[in-house]
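J.: I have a structure here, written as structure tokens, and I will follow up with some questions on it.
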Amino acid sequence: MILAQGISKHYGALTAVDGLSLDIPAGQFFGLLGPNGSGKTTTIHMLATLLAPSAGSILIDGLDITKDPLQARKKIGLVFQDSSLDGTLSVEQNLLFCAGLQGLSLKASRERLQELLPLFDLQDRRHAPVASLSGGMRRAVDILRGIVHRPRVLFLDEPTVGLDLPSRKRIWHFVRRQIAEHGMTVVLTTHYLEEAAPCDQVCFIRQGQAIARGNPDALVHEFGDRILEIEASDIARLTAQLHLKQNDFLMEGNTLLVRERHDTQVSLEEIQQQLAQQVETLRIRKPNLNDVFLWLTSGTEEEKTC
Amino acid sequence: MLAAIRAVLVRELIKMFRQKSRLLSAMVRPLIWLFVIGGGIGSLIDSATPGQYQRDIVPGIIGMTILFGSMLSSLSTVYDKESGIMRMMIVAPIPTYWIVACKMLASTVAGSVQAALVCVLLLLLGFLSPAIMLNPSFLLAVGLTALACAALGMVTSALSDSLDNFASIMNFVIFPVFFLSGALYPVRDLPAPLLLVSRLNPFSYGVDLMKRAVDSGGMASDFGVALSVGVLVGFSLLALVFSSWRLHQEARQARLFNLAGGRSR
Ligand SMILES: Nc1ncnc2c1ncn2[C@@H]1O[C@H](COP(=O)(O)OP(=O)(O)OP(=O)(O)O)[C@@H](O)[C@H]1O
Ligand SMILES: [Mg+2]
């Protein structure tokens with residue numbers, strides 16, 4: 001559905017995206033992950049035809065988007081990192097406005113609204129000015145705005161940032177339904193990595209380059225079996241005592257993370273016994289996508305090229 | 001593409017009627033000018049026929065309504081850029097020039113509606129006759145003036161990044177355009193530099209068309225109909241091309257896309 005080959009974006013001397021390639025099949029839930037400023041938004045804007053790549057090519061559903069951006073846009077829905085609604089207009093007026101821009105007739109727009117509003121229980125608020133809605137509801141309207149024209153591909157740039165748990169859950173429930181019922185392809189960026197766990201494929205980027213990609217479960221599985229998490233005030237001294245290999249540990253403030261992997265010699269139990277008296281907290285847990293991310297972005301892992 | 005026009009137009013009209021105080025001041029402003037300036041200056045110069053000066057500036061007063069109405073409406077494009085509505089319009093599957101054309105058309109309608117409301121007030125006050133109001137040449141004058149003012153607002157907003165410099169837009173665009181247009185006095189006797197400015201001012205040609213249509217007897221028009229129509233239409237087309245080009249450039253440089261988060265570029 002989305003095929004990007006070697007796309008780059010330069011802003012003057014700064015390279016925001018650097019030779020990134022992506023292959024996202026139809027109906028996939030895809031997560032683009034990376035630290036602040038790593039080029040996620042820039043990538044999404046290029047895929048969504050808003051920004052012309054400095055190099056590389058992008059096909060959406062077989063269409064070269066630089067040659068035919070208008071045609072490609074019909075297939076694309078985009079929810080921006082920050083809201084783009086008219087606060088003075090009501091929910092309904094905003095959505096009708098967007099539907100009109102997408103070329104829907106007034107009748108078709110109204111019918112579409114009847115389908116969309118219940119998705120986020122917004123029927124009662126349809127006449128409320130958008131400025132009077134809570135952050136979560138406004139985000140919901142933003143998302144509905146992104147799918148009024150039934151796009152084949154939906155780009156969500158940090159859709160859940162700043163929202164409470166119920167609002168976030170509702171958004172994920174909605175996304176799963178769109179994928180299941182309409183075969184929509186969804187491209188997501190987020191900083192809450194636990195939200196990316198249900199993705200079919202994730203790609204970690206740093207400084208505009210892909211540093212790891214794959215199925216989240218596979219990535220976590222490959223990353224390690226268990227994690228030992230140690231908290232202590234003089235963590236640096238303790239770490240030095242342990243003589244760990246570069247790749248096996250990570251220090252984060254007052255926390256030391258040690259990973260156990262099939263090919264490592266570390267015994268978490270040994271460390272546990274060695275340190276038990278000197279630390280505040282000590283626990284063993286399963287690794288998750290967050291650990292993968294931390295290891296990748298701390299740069300201790302030898303960089304994979306993909 | 002027609003659905004886009006409808007959407008943009010509906011939004012513009014909703015916003016216009018929503019802002020009651022702004023609409024009210026758009027109705028009152030011309031009347032204040034008519035009575036205070038028209039009455040005051042009129043009492044200085046009208047010795048033979050009382051009220052002649054007031055009648056003479058009626059076309060200019062209608063022009064003022066249009067100038068403010070259309071221009072403020074298309075200046076809201078700056079707000080659209082700031083609030084992210086513009087980038088949302090740009091992701092829609094319509095070309096940029098069409099978005100600009102829709103906005104200009106919507107602002108033209110907004111200005112014309114306000115002019116129509118003011119004309120009704122002027123009619124009730126006895127400054128206009130129904131025959132003049134429904135005269136095609138008058139309607140044409142109103143429509144084309146509104147188009148040119150919308151175009152002027154569009155160019156201004158294409159060139160400015162935020163509404164912070166609204167006061168300077170007022171000072172350096174709206175006031176000069178109004179005062180150097182022949183709306184309040186004949187421009188032909190102005191000193192050469194100012195005369196030149198007034199000839200380059202597209203609004204002058206709109207006011208001139210209206211003077212011709214209203215024909216109050218006191219202030220003669222300066223230009224031929226064909227010239228005025230040509231200037232107004234030509235200017236609007238140029239403005240459309242320029243604004244679309246400019247907006248397209250801004251989109252390419254990603255200036256419209258990163259709003260929040262402190263990135264002001
Ligand atoms: N319009 C622009 N002009 C110049 N530099 C830009 C522009 N937009 C983004 N950048 C730079 O490009 C880099 C990537 O930015 P981008 O917004 O894509 O990152 P991101 O991964 O989305 O970050 P975040 O997680 O904070 O949203 C950053 O260094 C940013 O400062
Ligand atoms: Mg971003």
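J.: Over all directions, what mean area does the Cα convex hull of chain B project, stated in square nanometres?
T.: 14.8 nm²
J.: Any idea what the dipole of the protein assembly as shown comes to, in debye rounded to 20, about its Cα centre with Lys/Arg Cβ at +1 and Asp/Glu Cβ at -1?
T.: In total the dipole reaches around 1880 debye.
J.: Could you please state how large a percent of the accessible area of chain A is carbon and sulfur, counting protein chains only and using a 1.4 Å probe?
T.: 49 percent
J.: Let me ask something additional. For the stretch B:1-79, what % of the accessible area comes from carbon and sulfur atoms, probe 1.4 Å?
T.: Answer for the stretch B:1-79: carbon and sulfur cover 73 percent of the accessible area.
J.: Right, next: Please check: in the Gaussian network model of chain B (C-alpha springs, under 10 Å), which one of B:P59, B:P191, B:P136 has the largest mean-square fluctuation.
T.: B:P191
J.: Let me ask another. Using a Förster radius of 51 Å, what is the FRET efficiency between B:N171 and B:T49 based on their Cβ-Cβ separation? Nearest 0.05, please.
T.: About 0.90, to the nearest 0.05.
J.: Quick one: which of A:121-127, B:157-163 comes out on top by average Cβ neighbours within 10 Å, and what's the full order, highest first?
T.: Packing proxy ranking, top to bottom: B:157-163, A:121-127.
J.: Using a 1.4 angstrom probe, figure out how much accessible area chain A has per residue, in square angstrom, rounded to the nearest whole.
T.: Per residue, chain A has an accessible area of 43 Å².
J.: Tell me, what is a quarter of the convex hull surface for the C-alpha atoms of the protein assembly as shown, in nm² with one decimal?
T.: Dividing the Cα hull surface by four gives the mean projection, 32.3 nm².
J.: Solvent-accessible area per residue for the stretch B:69-163 at a 1.4 Å probe radius, Å²?
T.: Ligands and nucleic acids excluded, the figure is 30 Å² per residue.
J.: Given a 1.4 Å probe, show me the residues in the stretch A:102-134 buried by at least 30 Å² of accessible surface when comparing the whole protein assembly to the chain alone.
T.: SASA drop of 30 Å² or more in the stretch A:102-134: A:Q102, A:L106.
J.: I've got another one for you. What residue among A:P69, A:H127, A:L242 has its Cα farthest toward the positive end of the dipole of chain A, where the charges are +1 on Lys, Arg and -1 on Asp, Glu, each on the Cβ?
T.: A:H127
J.: Scale the Cα Rg of the stretch B:46-130 by the rule-of-thumb value 2.2 N^0.38 Å and send over the ratio, two decimals.
T.: Against the empirical 2.2 N^0.38 Å value, I get 1.54 for the stretch B:46-130.
J.: For a quick protection proxy, order the peptides A:3-15, A:38-50, B:109-121 by their average other-Cβ count within 10 Å, most packed first.
T.: Highest mean packing first, the order is A:38-50, B:109-121, A:3-15.
J.: Shielding by partners for B:1-8, please: the mean number of other protein chain Cβ atoms within 10 Å of each residue's Cβ.
T.: For peptide B:1-8, the averaged partner shielding equals 5.
J.: Considering only the protein assembly as shown, what is the antiparallel percent among its DSSP beta bridges, to the nearest 5?
T.: Antiparallel: roughly 65 percent of the beta bridges in the protein assembly as shown.
J.: Moving to a separate point now. Taking each full run of DSSP H in chain B as one helix, which ones are at least 20 Å long along their axis (Cα atoms) and have mean Kyte-Doolittle hydropathy of at least 0.0?
T.: B:2-18, B:58-83, B:96-124, B:136-159, B:225-252
J.: Sticking with this structure for a sec: Can you pull out the buried accessible area for chains B and A, both sides counted, probe 1.4 Å, rounded to the nearest 100 Å²?
T.: Summed over both sides, the interface buries about 2600 Å².
J.: Take peptide A:94-100, look around each residue's Cβ out to 10 angstrom, count Cβ atoms belonging to other protein chains, and average those counts.
T.: Across A:94-100, the average partner-chain Cβ count within 10 Å equals 5.
J.: Mind checking B:86-98 for the average number of partner chain beta-carbons within 10 Å of each residue's beta-carbon?
T.: Average neighbour count from other chains, rounded to a whole number: 6.
J.: Please give the FRET efficiency for B:R18 paired with B:L121, using the beta carbon to beta carbon distance and R0 = 22 Å, rounded to the nearest 0.05.
T.: Plugging the Cβ-Cβ distance into 1/(1 + (r/R0)^6) gives 0.55.
J.: Report which residues of the stretch A:22-60 become buried by 20 Å² or more of accessible surface when going from the isolated chain to the complete set of protein chains (1.4 Å probe; DNA, RNA and ligands ignored).
T.: Listed in order, they are A:H45, A:L50, A:L51, A:A52.
J.: Which distance in Å, rounded to a whole number, links the C-alpha centroids of the stretch B:72-128 and the stretch A:34-90?
T.: 28 Å
J.: Among A:216-222, B:99-105, how do they line up by average Cβ neighbours within 10 Å per residue, starting with the highest?
T.: Descending packing order for the listed peptides: B:99-105, A:216-222.
J.: Per residue of the stretch A:57-65, in order, report the coupling 6.51 cos²θ - 1.76 cosθ + 1.60 (Karplus, θ = phi - 60°) as ³J(HN,Hα) in whole Hz, putting x for Gly and Pro.
T.: Along the stretch A:57-65, the couplings run 10, 10, 10, 10, 6, x, 9, 6, 6 Hz.
J.: Please state, rounded to one decimal and in Å, the Kirkwood hydrodynamic radius that the stretch A:15-138 gives when every pair of distinct Cα atoms enters the mean of 1/r.
T.: 16.9 Å
The values are calculated or read from the model by the stated rules, or taken from the named source; none is laboratory data. Just so we're clear, the structure is a prediction, and the values are computed from it rather than from any experiment. Here Cβ is always computed from backbone atoms with ideal geometry, including for glycine, and neighbour counts include all displayed protein chains. Protein only, heavy atoms only, side chains kept; ligands, DNA and RNA dropped before computing areas. Shrake-Rupley method; radii C 1.70, N 1.55, O 1.52, S 1.80 Å.
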